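Below: one structure, written as structure tokens.
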Amino acid sequence: MAVERQLGGLAGWIDDRTGVTQPAGRLLRKVFPEHWSFMLGEVALYSLVVLLVTGTILTVWFVPSAGRVVYDGTYAPLRGITVSEAYRSTVDISFDVRGGLLIRQVHHWAALLFTVAIAVHMGRVFFTGAFRKPRELNWLIGTTLSLLAIIEGFAGYSLPDDLLSGTGLRIANGLMLSVPVIGSWLAFAVFGGPFPGHEIIPRLYTAHVLVLPALIVSLAVVHVLVVVVQKHTQFRGPARTNRNVVGFPLLPVYAAKAGGFFFIVFGVVALIAGLVAINPIWLFGPYDPTAASAGSQPDWYMGFAEGALRLMAPVEIHAFGHTLSLNVLLPGVLLMPIMYGVTASYPFLERWATRAGPQEHHLLDRPRDAPARTAIGAAALAFYTALFLAGGNDIIALKLHLSLEAITWTLRVAVLVGPVLAAWAAHRTCLSLQRRDRAQVVHGRETGRLVRTAGGGFFERHEKLSPYDEWRLVARGQPDTATGSRAVVPSSETSGPSHRRDRSHCDDVSTPEPSTGLRARLRTAAARWYSSDPVPVARAGDQQRAEQLSRVNRAALQHEQIGGPTRAEQD
């Protein structure tokens, strides 16, 4: 009791001088909804923690220097070979430091998991519409984090100065040289002279362990704080509205689950690192500018950039005594900024195209409920997949015994045609799923059981959906676009299915502007495409008419109405 009184007195003393009790209490009572897809962001966060811990351990032994030394360590095949100090220290970590190889592999696998978790998390946010007002800022932060993660990963696997990482640096040097006017100066400034130079490894080390981690951690903290301040999104359902969150408080439930999930992520990464070797630099050998390893591939997150370089046609412009290498400049230098620029600006483009009102969106969409957005996402995935496969076109040709030229041309066509086909297929699939949802609400769920009537007729028995399932299928709104129609959705203020107009979603919709001028016509065309082929939400009247029609059809199958003898007449 005395200890408790002392701790209570200390807490009161701190609160009197800082006033942290009230905000801390609100934070501990913060409610977080439950859904498996929300864990994707947690995977990225926990992977970042693993990266920081293992990276700090590796800095103790790594030597960021391109100075030349003769290797005389444990790995016999490299003895007597002149290598850089960075390469020797990395090999020493792998073979001479107790647990060093495990730490290296945990660090590398955590980096891969970090980047893929960010990508998948952004995909979930995109397809569910979680980027809409008021979360545009968090979308921008997440996009920046994704780009910084790629740059950080590239800097990290370039540090060992082995043949594979040196090949990547050579490509980076060529990309810099392709920049018009300042390309040569830019490459000299970054590498500290002609390639490979002696300054690039110390500079990459500084960026990898100081600058980029500071930016990533800062943005990650801001990202989490914005989530806490704004309120977490949730999927539509009974009792879930734009003004509440249905879930569990931070303490004790959510904190306990998050702590356990962190150790699960760490354990899985450690298990993979202990069983699956990655980046065995002692097999690649030290970097030699005159050599290149066959079948060299970058980490997965750089695969699309590698594929773009391989697919681009050899296009060059010769003018005024200078050569502009578009085959390097467009896919290698401009592609990534354009992709991330479009990604970052998408929330504002969708808001502009749909002329959404000032209302906030805290309820998530199912991908089928936003066919246009889902089609755009499918097109982007098809484009990325084609580029990613092109990054390994030589490996595909080798393993499948196919022509490298045939694969390259096939993927060139896929880059152009694939996104269009994927967008069309995704859009039609979403509309089909909406129609199926409407049919289930109106007619009930198909049971697959046929009922035979006395007169020999058959009909399939349908089961009425439960209130929860029915709510899940009808709780969506029509797109509030420039066509002038207001959004009509079930009311989110009740705890069960309803078919009334939700004024919070439709009263703030902007009035469409007159279609004058090219900009206005483009906006109207975009709005019409976003709301094309709408499938209306099932209403109570639709269900009543369907039930009446079903009763009529079943009655028509009765033996007495078909014209045959009744049972009484037979008797």
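Rule-based calculations on the coordinates, nothing more; no lab input. Because the structure is predicted, anything quoted here is derived from the model rather than measured. Here the Cβ positions follow ideal geometry from the backbone for every residue, glycine too, while neighbour counts run over all protein chains shown.
Measure nothing but the geometry: give the 0 to 90° angle between the long axis through the Cα atoms of 335-354 and the longest principal axis through the Cα atoms of the chain, rounded to 10°.
20 degrees
From the phi of every residue in the range 156-169, what ³J(HN,Hα) in whole Hz does the Karplus formula 6.51 cos²θ - 1.76 cosθ + 1.60 yield, where θ is phi - 60° and glycine or proline is x?
3J(HN,Hα) across the range 156-169, in whole Hz: x, 7, 8, 5, x, 6, 8, 5, 5, 5, x, 5, x, 5.
Among the lysines in the chain, how many pairs, 8 or more places apart or on different chains, have alpha carbons under 28 Å apart?
Here the count comes out as 5.
In the chain, with Lys and Arg counted as +1 and Asp and Glu as -1 at Cβ, which of these residues, PRO367, TYR46, VAL442, has the Cα nearest the positive end of the dipole, that is, farthest along it?
VAL442
Which option, (i) 253; (ii) 198; (iii) 285, is the value of volume of the Cα convex hull per residue in Å³ that was calculated from these coordinates?
(iii)
With a point put 7 Å past each Cα toward its Cβ, work out how far THR323 is from TRP529 in nm, to one decimal.
So the two model labels end up 3.8 nm from each other.
Evaluate the distance, in nm, between pseudo-label points positioned 7 Å from the Cα of HIS401 and of TRP36 along their respective Cα→Cβ axes.
Once both label points are built, they end up 4.0 nm from each other.
Using only helices, what value at 222 nm comes out for the chain when you add -39,500 (n - 2.57) per DSSP H run of length 4 or more and divide by the total residues, to the nearest 500 deg cm²/dmol?
Value at 222 nm, helices only: -19000 deg cm²/dmol.
Taking the Cα centre of the chain as origin, sum charge times position over the Cβ atoms of Lys and Arg (+1) and Asp and Glu (-1), and report the length of that vector in debye to the nearest 20.
1800 debye
Between ARG5 and ARG452, what is the spin-label point distance in nm, taking each point 7 Å from the Cα along the Cα→C-beta axis?
8.6 nm
Roughly speaking, what is the stretch gain from LEU52 to ASN242, that is 0.36 nm per residue apart minus the C-alpha to C-alpha distance, in nm to one decimal?
Going from the current span to full extension adds 64.7 nm.
For a paramagnetic label modelled at 7 Å from the Cα of VAL20 toward its Cβ, which residues of the range 202-237 fall within the zone defined by backbone nitrogen distances under 14 Å?
Counting only backbone N, you get no residues.
Students often get this wrong: which residues of the range 333-348 have the backbone nitrogen under 20 Å from the point 7 angstrom along Cα-to-C-beta of ARG519?
Output list for this probe position: 342, 345-348.
Against the longest alpha carbon principal axis of the chain, how many degrees, from 0 to 90 and to the nearest 10, is the axis of helix 371-390 turned?
Approximately 30 degrees, to the nearest ten.
When the label point is put 7 Å from the Cα of THR144 along its Cα-to-beta-carbon vector, which residues of the range 188-224 have a backbone N closer than 20 Å?
Answer for this model: 207-224.
Angle check, please: helix 517-530 long axis (alpha carbons) against the longest principal axis of the chain (alpha carbons), in degrees 0 to 90, nearest 10.
Approximately 70 degrees, to the nearest 10.
Positive end of the charge dipole of the chain (Lys, Arg +1 and Asp, Glu -1 on Cβ, about the Cα centre): tell me which of LEU204, GLY295, VAL315 has its Cα farthest that way.
VAL315
Quote the FRET efficiency, to the nearest 0.05, computed for ARG351 versus ILE81 with a Förster distance R0 of 51 Å and r equal to the Cβ-Cβ distance.
0.30
Can you list which of the chymotrypsin sites (Phe, Trp or Tyr not before Pro) found in the range 281-384 are DSSP loop residues with at most 15 other C-beta atoms within 10 Å?
Loop-located and lightly packed - PHE320.
Based on the Cβ-Cβ distance from ARG170 to VAL120, what FRET efficiency comes out when R0 is 35 Å, to the nearest 0.05?
0.70
Long-range amide H contacts for PHE235: which residues qualify at under 5 Å (H placed 1.01 Å from N, peptide plane, sequence gap of 5 or more or a different chain)?
LEU364
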